[in-house]
Each structure stands twice: as C-alpha cells, then as structure tokens.
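For reference, the structure is listed below as structure tokens.
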Amino acid sequence: MRLVQFIDKHGNRAVGAPDDGGTQLALLGGVESVYDLAQVALDDGQSLVLAAEERVGDTVEDYDAVVAERRLLAPLDHPDPAHCLVTGTGLTHLGSADARDSMHKKVAEEGEEALSDSMKMFKWGLEGGKPAGGGIGVAPEWFYKGDGGIVTAPEQAFEMVDFAEDGGDEVELVGLYLVDPQGVPRRLGFALGNEFSDHVLEQRNYLYLAHSKLRPCSFGPELLLGEAPDDIQGKARIHRGAEVIWEKPFATGEANMSHSLANLEHHHFKYPQHRRPGDVHVHYFGAATLSFTDGIRAEENDVFEIESEVFGRPLRNPLLIRGGGSGKVVEL
C-alpha cells in the first residue's frame, strides 16, 4: 500500500491512497497527515497498513490534477519542522565492478594504507556491512542534512543558495520513521528521494562533506508502507526545456547495497538523541546514481526526475537559484 499527502481541492491537508491505475487518490477519513495516522495506529495498537486501510473512504481526487496544480506534499512531515531530523549514510552501495576491481588491485599492490579514507570506508562496508546472522556490522559514513525546513515537496523547486558551487541529484532510497512514546523508532515505510548536494564543494576536499550536504532535498510523492523490495530498479533523468540531457538507470535496495538496512538503521538510532519520543526521522540510505559523475552540471530551470514502478508516480523537482542571505552576526 502507498500513501500520498497533499492539499485537497478545498485547500485542506489530506492523505490519499492511489488506486491501482494511479489515476485517483482515495482520501483517508479522520486524519489530515501520515503523522496523525501513525499516532492513531500507535494508540490503537495496530499496524500502519491496517490503520490506513480502515480509513480509506469513497471520496476521491484526480491524481493528475493534484500533480499539475502542485498540491503535493512530502509523504511524511512533522507539525513542527524542528522535530523532523533529515540525515543520511554514504558509501553504502556496491558500486561498479571497475571501482571494486581497482580498489582490490591497489590493496594487493600497495596495501590498504594506500587507499583514500573514502575507499577504506567503502571497503569496510563490503567486508562488514552485512554481518552473518543479522548482527551489528561496521558503522557507515553518516551525515546531517537539516531539519524538516529543508524538505522540498514533490513538484516544487529546489532553491539552491547562490554561494553553492553545484546543485546535483543523488538518487536514493529513503527510510521514514516516527519515534514512539517509549522512545522506540517505528519505521513507517520508504520513499524515493533526491538528496541533492553540492558535489563540486565536496570534491574540493572531503572535509567539506558536511557543508555540501546542507542543501534542500525531496522525497516521495508516495510513501510505500511495509518492507522495501531487496532489488529496486528505476531511472533518473534531467530535463532541460523539452530535451532530456541525461538519463541513467539506477539500482538500490539491499541486493545492491554493501550494508543491510538494519545495520544502517542501528547505527543511526543507537544515539539517544535520535530516539526522542514524537520526532520524525527522514534518512537517506546512500546514492546509487548521480549525474555529476557523468560530467553533468545542472542549470537553473532544469528538472530532476526519478522514477521506479515500486514507488508509483515519479519524483520531480525543478532547480532555482536564490540568495543565501547573510551569515553576519550582530551583537544583542
């Protein structure tokens, strides 16, 4: 089952379930958000899927109209954006055979100390990211992106700060969570995401990674309830006017990753500050594909598009450049 958050034709928040053809959204009664629905499920001691199925009503909205009129919302948010933590893990996917082969040859010839820090971490993930028996494996690279204020709704524009050196796509699987009243993280489901980063800045020096991640992001438009398939295939593309200037298939899901999802979740939620009751977590599981590595530099008004049949409608976001404001501090 998949869910969509949007603004209905009367201007109110709504949650809808797409029909089999993906043409209509059946509204859920009694809730205005997935956050509300999750709270109801917790209170009633039932699964999120069952809570959603019980509330699907007869009122429908035209899905095409919701998309065209840009009434989509991110499929999960928090009433207070400061209580939505957006984070991610990197170097989590298997990478190309050429990259792995090159790494192994370098180790054989020069020893592990010859590897870059990033390649060492990639190697550790290959060797220990999926421990036998489902135990705890090696910790991944981890980064902070921001709070809920940096989430851009599907069909809305990424507003890239004018001091950014690049604004590029990162196609990722996204885990969506709510911490219950007992401090236990509850996974609500998964979505497709565009993590969107400043790759030129990161490439300048890997210690700039933290800065490069402080950019907007997007995920959705549909929230897939339950488990994610092991093998997720799709396509990413960039539109420039009427032309598609870049298109590439991507693969994600555990079958294409060097870490298990459980291992990545453990190393995020092992920190007590990430288990604060009531908080929402949006976690990007690592890029499988990005246009930057193919020499693409996105320009203003380009449109990023990511799609997979597993997640229904594609995720689309145009690019706009906006002033970043001043960092000047004034004494009180």
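The values are calculated or read from the model by the stated rules, or taken from the named source; none is laboratory data. Worth saying up front: this structure is predicted, and the values here are computed from it rather than measured. Cβ coordinates were reconstructed from backbone atoms using ideal geometry, including for glycine residues, and neighbour counts include every protein chain displayed. Ligands, DNA and RNA are stripped out before the accessible areas are found, and what is left, the full protein with its side chains, is counted by its heavy atoms. Shrake-Rupley method; radii C 1.70, N 1.55, O 1.52, S 1.80 Å.
Computed 3J(HN,Hα) for segment 314-320, one whole-Hz value per residue from the Karplus formula 6.51 cos²θ - 1.76 cosθ + 1.60 where θ = phi - 60°, is x, 8, 10, 8, x, 10, 10, glycine and proline marked x. Carbon-plus-sulfur accessible fraction, segment 239-314 (probe radius 1.4 Å, protein heavy atoms only): 49%.
The accessible area of V200, taken with all protein chains in place and a 1.4 Å probe, comes to roughly 40 Å². Measure out, as a whole number of angstrom, how far apart the alpha-carbon centroids of segment 245-260 and segment 1-53 sit. Centre-to-centre distance over Cα atoms comes out at 28 Å. Near A298: Cβ cut-off under 10 Å, other residues only, Lys/Arg at +1 and Asp/Glu at -1. The net charge is -3. Students often get this wrong: which residues of segment 2-16 have the backbone nitrogen under 19 Å from the point 7 angstrom along Cα-to-C-beta of R70? Flagged as within label range: 5-14.
Couplings 3J(HN,Hα) for segment 186-199, derived from phi with the Karplus relation 6.51 cos²θ - 1.76 cosθ + 1.60 (θ = phi - 60°), are 10, 7, 8, x, 9, 8, 7, x, 10, 6, 6, 9, 9, 6 Hz, where x marks Gly and Pro.
Under 8 Å for C-alpha pairs, at least 6 residues apart: give me the relative contact order for segment 166-320, rounded to a whole percent. It rounds to 32 percent for segment 166-320. Annotation: per residue accessible area for segment 137-195 equals 32 Å², rounded to a whole number [probe 1.4 Å, protein chains only].
Annotation: R55 carries an accessible surface of approximately 50 Å², with a 1.4 Å probe and no ligand, DNA or RNA atoms counted. Straightening the chain between R276 and E331 buys 16.5 nm, computed as 0.36 nm per residue apart minus the Cα-Cα spacing.
Using a 1.4 Å probe on the protein heavy atoms, what percent of the accessible area of segment 59-215 belongs to carbon and sulfur? Ligands and nucleic acids excluded, carbon and sulfur give 53 percent.
The residues E254, E165, E309, E243, sorted by heavy-atom accessible surface at 1.4 Å with ligands and nucleic acids left out, run E309, E243, E165, E254 from largest to smallest. For the peptides 217-228, 39-50, the ranking by packing is 217-228, 39-50, with the highest mean count of neighbouring Cβ atoms within 10 Å listed first.
Heavy atoms of the protein chains alone define the surface here; on that basis segment 232-332 has 49 Å² accessible area per residue at 1.4 Å probe size. In angstrom, the C-alpha Rg and Dmax of segment 186-270 are 15.6, 47.
State which entries of K213/K270; K130/K213; K235/K270; K145/K270 exceed 24 angstrom in Cα-Cα distance in the structure shown. Long pairs (Cα-Cα over 24 Å): K130/K213; K235/K270. A simple spin-label model places pseudo-atoms 7 Å from Cα toward Cβ; at A132 and R322 they are separated by 5.3 nm. The gain in end-to-end length when the E54 to E299 segment is fully stretched comes to 83.7 nm, 0.36 nm per residue minus the alpha carbon separation. Phi angles across segment 279-288 convert, under the Karplus curve 6.51 cos²θ - 1.76 cosθ + 1.60 with θ = phi - 60°, into 3J(HN,Hα) values of 6, 9, 10, 10, 10, 8, 8, x, 7, 9 Hz, Gly and Pro given as x. Counting only DSSP H runs of at least 4 residues, each contributing -39500 (n - 2.57), and dividing by the residue count of the chain, the helix-based mean residue ellipticity at 222 nm comes to -6000 deg cm²/dmol. Add +1 for every Lys or Arg and -1 for every Asp or Glu among the other residues with Cβ under 12 Å from the Cβ of E170, and state the total. Once all neighbours under 12 Å are counted, the net charge is -3. Using just the C-alpha positions of segment 246-332 as equal point scatterers, what log10 of I(q)/I(0) does the Debye formula give at each q in 0.19 1/Å? Log10 of I(q)/I(0), two decimals: -1.09. Across the chain, Cα pairs under 8 Å and at least six residues apart give a relative contact order of 22 percent.
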